[in-house]
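Peer 1: This is the structure I have questions about; it appears just below.
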Amino acid sequence: MDREPRDSTHAHLAGEVIGRHQHGYHQLLYVSAGVLAVQTGEASWVASSARAMWIPAGTWHQHRVHGHSSVHTLGFPVHDVLLDSGTPAVVAVDALVRELIIACSEPSLPVPEADRLRAVLRDRLRRALIEPLTLPIPGNPLLRQACALVTDDLEHPRTAVWLAQRIGVSERTLARLFRTELGMTYPQWRTNVRVFHAMVLLAEGANVSEAGRRCGWATTSAFIDTFNRTMGQTPGTYRTESGA
């Protein structure tokens, strides 16, 4: 496990996987082009051009690259808590924060300049909006089965009644599992998982209509509306910013 904070900028090819690992320091992970799906033992997140990910020291995690990606990482000592979160979190990145992260990740940056840039970055990120799109990984075997049935076939909308019947429980039991295990209703979870996978498809080059269809929306306009409400930008804008 690395213990000395490191800053870096590097490129990854689509489909590349960075295996399970951890750091002895906090890490801010940002993708200026493409998308990284980041997974811990508890949940999955998406890091993209509009969202950076904070990974606390000691957190086991792995990445999967979607689309040709430019990745920027900043390391922070364990005593330097940039965000008030003991767990991984995704934060909104505006134009200024984007340029600060990119500049700070330059390996040849002189230390005095890096310190000044980081001071501004800290101020900006501590006021940044923490993004809610997270996919918790269920611990209950029945709920894991239910989630897999939906995720493996997003193109076909599945009702709670259908899902409960497939895993052999009542609809009430299924609803309780989603609330207690994941902290959300089945429709809320399904919307999140559809948007999550749509983000990946868009980064990989799918057009807006194709991404919406493959994630189960009946019309492109309905997909655009849901994506915009969830992510704060249209899927077309997201696709462009992801470098697809």
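The values are calculated or read from the model by the stated rules, or taken from the named source; none is laboratory data. Treat the numbers as computed from the prediction; the structure is a model and nothing was measured. We place every Cβ from the backbone using ideal geometry, glycine too, and count neighbours over all the protein chains shown. These area figures cover heavy atoms from the full protein model, side chains too; ligands, DNA and RNA do not enter into them. Shrake-Rupley method; radii C 1.70, N 1.55, O 1.52, S 1.80 Å.
Peer 1: Accessible area per residue, 1.4 Å probe, Å², for the range 4-106: what's the number? Spell out each step's value before the answer.
Peer 2: Numbers: 3870 Å² over 103 residues.
Per-residue value: 38 Å².
Peer 1: Then there's this: From the square roots a ≥ b ≥ c of the eigenvalues of the alpha-carbon gyration tensor of the range 25-121, which class results: rounded (a/c under 1.5), prolate (a/b over b/c), or oblate? Walk me through the intermediate numbers first.
Peer 2: Values: a/c = 1.85, a/b = 1.24, b/c = 1.49.
Because a/c hits 1.5 or more and a/b fails to exceed b/c, the range 25-121 counts as oblate.
Peer 1: With a/c under 1.5 counting as rounded, go ahead and sort the range 120-244 into rounded, prolate or oblate using the C-alpha gyration tensor (a ≥ b ≥ c being the square roots of the eigenvalues; past the cut-off, prolate if a/b is larger than b/c, else oblate).
Peer 2: On the way: a/c = 2.51, a/b = 1.40, b/c = 1.79.
Oblate is the answer for the range 120-244, as a/c is 1.5 or above yet b/c matches or exceeds a/b.
Peer 1: In the range 143-230, which GluC sites (Glu not before Pro) are in a loop and have at most 13 other Cβ atoms within 10 Å, using DSSP for the loop call? Don't jump to the answer; show the numbers that get you there.
Peer 2: Values: sites: 155, 171, 181, 204, 210; in loops: 155, 204.
Answer in residue order: 155.
Peer 1: Next question, about the same structure. Each label point is 7 Å from the Cα along the Cα-to-Cβ direction; what then is the distance between the points at residue 152 and residue 185, in nm?
Peer 2: With each label placed 7 Å out from Cα toward Cβ, I get 2.7 nm.
Peer 1: Can you classify the range 149-195 as rounded, prolate or oblate using the Cα gyration tensor, where a ≥ b ≥ c are the square roots of its eigenvalues, rounded means a/c under 1.5, and otherwise it's prolate if a/b beats b/c and oblate if not? Write down the numbers at each step before the final one.
Peer 2: Details: a/c = 2.25, a/b = 1.16, b/c = 1.95.
Cα axes put the range 149-195 in the oblate bin.
Peer 1: Can you give the charge dipole size of the range 29-110 about its Cα centre, rounded to the nearest 20 debye, using +1 on the beta carbon of Lys and Arg and -1 on the beta carbon of Asp and Glu?
Peer 2: On the way: 3 positive and 6 negative charges, 51 e Å.
Using Cβ point charges on Lys, Arg, Asp and Glu, the range 29-110 gives about 240 debye.
Peer 1: How much area per residue is accessible in the range 126-244 when the probe is 1.4 Å and only protein heavy atoms are counted (Å²)? Please report the intermediate quantities before stating the final value.
Peer 2: Details: 6060 Å² over 119 residues.
Accessible area per residue: 51 Å².
Peer 1: Also: I'd like the distance separating the alpha-carbon centroids of the range 128-193 and the range 82-105, in whole Å.
Peer 2: Result: 30 Å between the Cα centres.
Peer 1: Please go through the range 54-134 and write out the trypsin sites (Lys or Arg not before Pro) that DSSP classes as loop and that have at most 15 other C-beta atoms within 10 Å. Provide the component values of the computation, followed by the final result.
Peer 2: Details: sites: 64, 98, 116, 118, 122, 124, 126, 127; in loops: 126, 127.
Here the sparse-neighbourhood loop sites are 126, 127.
Peer 1: For the chain, what is the largest minus smallest coordinate of the Cα atoms on each principal axis, given in angstrom and ordered from greatest to least?
Peer 2: 62, 34, 31
Peer 1: Considering only protein heavy atoms and a probe of 1.4 Å, how much of the accessible area of the range 161-205 is carbon and sulfur, as a whole percent? Present the calculation step by step, with values, prior to reporting the outcome.
Peer 2: Numbers: 1000 of 2150 Å².
Taking all protein chains in place, the range 161-205 shows 47 percent carbon and sulfur surface.
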